[in-house]
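The values are calculated or read from the model by the stated rules, or taken from the named source; none is laboratory data. It should be emphasised that the depicted structure is a prediction, and the values quoted were computed from it without experimental measurement. Here the Cβ positions follow ideal geometry from the backbone for every residue, glycine too, while neighbour counts run over all protein chains shown.
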Amino acid sequence: MKASQFFISTLKEAPADAEVVSHKLMMRAGLIKKLGAGIYNYMPMGLRVIRKVEAIVREEMNRAGAVELTMPVVQPAELWQETGRFEKMGPELLRIQDRHGRDFVVQPTSEEVITDIARQELRSYKQLPKNFYQIQTKFRDERRPRFGLMRGREFTMKDAYSFDRDPSAAKASYQVMAQAYRRIFDRFGLTYRAVAADSGAIGGDLSEEFQVIAATGEDAIVYCPQSDYAANMEKAEALAPSGPRGTAAKALTKTATPGKSTCADVAELLGVPLSTTVKSLVLATDETNDAGEIVKTQVWLLLLRGDHDMNEIKVAKVPWLEGFRFATLGEIDEHFGCKPGYLGPIGLKKPLKIVADREVALMADWICGANEVDFHITGVNWGRDLPEPDAVADLRNVVAGDRSPDGKGELAIERGIEVGHVFYLGTKYSRAMNATFLDENGKPQPLEMGCYGIGITRLPAAAIEQNHDERGIIWPDAIAPFTVVVCPVGMDRSEAVKATAESLYADLLAAGVDVILDDRGERPGAMFADWELIGVPHRVTIGDKSLKDGMVEYQHRRDAAATKVAVVDILAHVK
Ligand code: ATP
Ligand code: MG
Ligand code: MG
Ligand code: MG
């Protein structure tokens, strides 16, 4: 590729809404361009990175025996009604109607459609196992799209779905995928950890997240440096042998009564006196149909004027609170887009394990919102003093320094970015959708399933969080937009420079190297700044002076200075 024919568009300054380094650098390097909240154009330079990520994923999925297909982005609601997710999924699911008023969804994931395919196509045990995958556009109406491609609303995911005859075969398919994921993330050249994740309602142990280690990661990971124990925080807390720490945490782990609760319940749950002052409440209202089934839930953040006493706002006592209940953890997370750490105690539907999160506590106060656009409120607290950041660790069920569950050492905590997730599903979807196959005895059996995702467009953002410096991105070779850039200095003045640049470019191309020749005629300073920002790992500079001795300059993006290398030796440096 020649730079004059390609499209390069770099910026000196990052836009004001870019908070994390990957978002800033992706915008400045011209990899992406914003179209709307959480919606981006993948510009030519960025698309090259995404295509390389896809190619590696595709190669390893094929190697692992998965077969590629493509499912529609827009999917009929009927299938989603069969599993109940059309109603249950909440506002992350984008629902649309066609001109006839028929309901559709824009796929956030594709269990329903693949299960529909499976129930029609996989009729006999002889066709099993099968693993189908796609690399396809997803849409999730994230409450807080942010950090550029890291948490977009439209993004690309590789999603795979395995089908097996029984649980042990399904678990074997899961292990094949978990192994393939290790190969994939090894090839990207990133530092990552596979951590045990909570498999939620399905139970069992078979769920792992692949987390790229980065200080800016949204997830907390618990691991043991002396062994291979690693889990995400939710999973680690669920298993914590020592139980909750500190009085607040103890109060929070009490099992709450489902259904309507009063402030007295909250006070008891929090372990605070009823006279504790509060400034805000997160409440919910349920709209029910004639059959008494909940058809819609609204979550409300109520800011109280002045300080209120728990007593005073006892639900039963305050007429305007009638019909409200306290919101659950999941509802708070979904509606306010934040993990309900300190607000967690208000959720009353299940035993509460989650307590204040370090990241949130460092923000000092919560940022919350109501169910309305641009109605976000900062500084939301319970009236009780928030703990000092250092004390927050004590509120967790799991803290650094605890013994690891395998007894081999102490636990440490770090932050990560979830780039992949493998999950054993069992028969959750096949039973809901009646997807069966005939076993050897001709008897119908539900298909055993697993699902496996990789955030294709999140991955480059994670790679940048881990690999950058003050000048810009430093791509691992495997996913760099170009592996090598050839930078001739004074190409218009020197025939020798021009000829060498052209022939080196041709040689590298012939050797299968992904090379770009910068023939734009930029001044050296601007030209180098561009490529350092874009993050091409290998640079070859050609100038008249060193060329007299048959030499060019080679510099890796991580090197402090260039070294002189004979033209004939360049290939060895970049391969
Ligand atoms: P998160 O916890 O970050 O919201 P998730 O657990 O909801 O992610 P999964 O349903 O497990 O995501 O989807 C598989 C993969 O898709 C994730 O591991 C992640 O890499 C990617 N992904 C999920 N949501 C987004 C998003 N909004 N933008 C970009 N990538 C995403
Ligand atoms: Mg999510
Ligand atoms: Mg997740
Ligand atoms: Mg996940």
(message) Can you list the strands (runs of 3 or more DSSP E) lying wholly within segment 421-488 that have 1 or more residues being touching a His at 6+ places or on another chain (Cβ under 6 Å) and within 16 Å of ligand 4 (Cβ to nearest atom)?
(response) 448-455
(message) Which pairs turn up if I take residues in segment 161-189 that are more than 22 Å from ILE479 (Cβ to Cβ) and look for partners that are among the hydroxyl-bearing types (Ser, Thr, Tyr) and assigned to a strand (DSSP E or B) with beta carbon separation below 6 Å, at least 6 apart in sequence or on another chain?
(response) SER173/SER162; TYR174/TYR424
(message) Condition first: in contact with an Asp or Glu (Cβ under 8 Å, 6 or more places away or on another chain), closer than 20 Å to GLY535 by Cβ and either modelled with pLDDT under 95 or aromatic (Phe, Trp, Tyr) (or both). Can you find one or more residues in segment 80-89 that meet it?
(response) no
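Residue by residue, here is whether (1) over 16 Å from GLY152 (Cα atoms); (2) of a type outside the set (D, E, K, R); (3) modelled with pLDDT under 95 holds:
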{"residue": "GLU19", "(1), (2), (3)": "no, no, yes"}
{"residue": "HIS23", "(1), (2), (3)": "no, yes, no"}
{"residue": "ASN41", "(1), (2), (3)": "no, yes, no"}
{"residue": "VAL57", "(1), (2), (3)": "yes, yes, no"}
{"residue": "GLU60", "(1), (2), (3)": "yes, no, no"}
{"residue": "ALA64", "(1), (2), (3)": "yes, yes, no"}
(request) Could you list, in sequence order, all residues of segment 489-514 that are assigned to a helix (DSSP H, G or I), farther than 28 Å from ILE32 by Cα and either touching a helix residue (DSSP H, G or I) at 6+ places or on another chain (Cβ under 9 Å) or touching a residue at least 40 places away in the same chain (Cβ under 8 Å) (or both)? (result) ALA496, VAL497, THR500, ALA501, SER503, LEU504, ASP507
(request) Within segment 146-157, count every residue that is on the phi < 0 side of the Ramachandran plot, under 11 Å from the mean Cα position of the chain (by Cα) and in a loop (DSSP other than H, G, I, E, B). (result) 1
(request) Return the residue satisfying two criteria in turn: it lies in segment 136-150 and is over 13 Å from VAL73 (Cα atoms) and either crowded, with 21+ Cβ neighbours inside 10 Å or hydrophobic (A, V, I, L, M, F, W, C) (or both), and of such residues it is farthest from ligand 3 (Cβ to nearest atom). (result) GLY148
(message) So in segment 416-450, with the set limited to residues that are more than 16 Å from ligand 2 (Cβ to nearest atom) and among the aliphatic types (A, V, I, L, M), which one is surrounded by the fewest Cβ atoms within 10 Å (Cβ to Cβ)?
(response) LEU438
(message) Taking the condition of being away from ligand 1 (no atom under 14 Å from the Cβ) and under 26 Å from the mean Cα position of the chain (by Cα), how many residues in segment 405-428 meet it?
(response) 7
(request) At least 2 residues that are away from ligand 2 (no atom under 16 Å from the Cβ) and loosely packed, with under 15 Cβ neighbours inside 10 Å in each: list the strands (runs of 3 or more DSSP E) lying fully within segment 18-108 that qualify. (result) 32-36, 39-42, 94-97
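Residues checked against (1) surrounded by fewer than 21 Cβ atoms within 10 Å (Cβ to Cβ); (2) more than 15 Å from ligand 2 (Cβ to nearest atom):
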| site | (1), (2) |
| --- | --- |
| PHE155 | no, no |
| TYR161 | no, yes |
| VAL176 | yes, yes |
| TYR192 | no, yes |
| GLN211 | no, no |
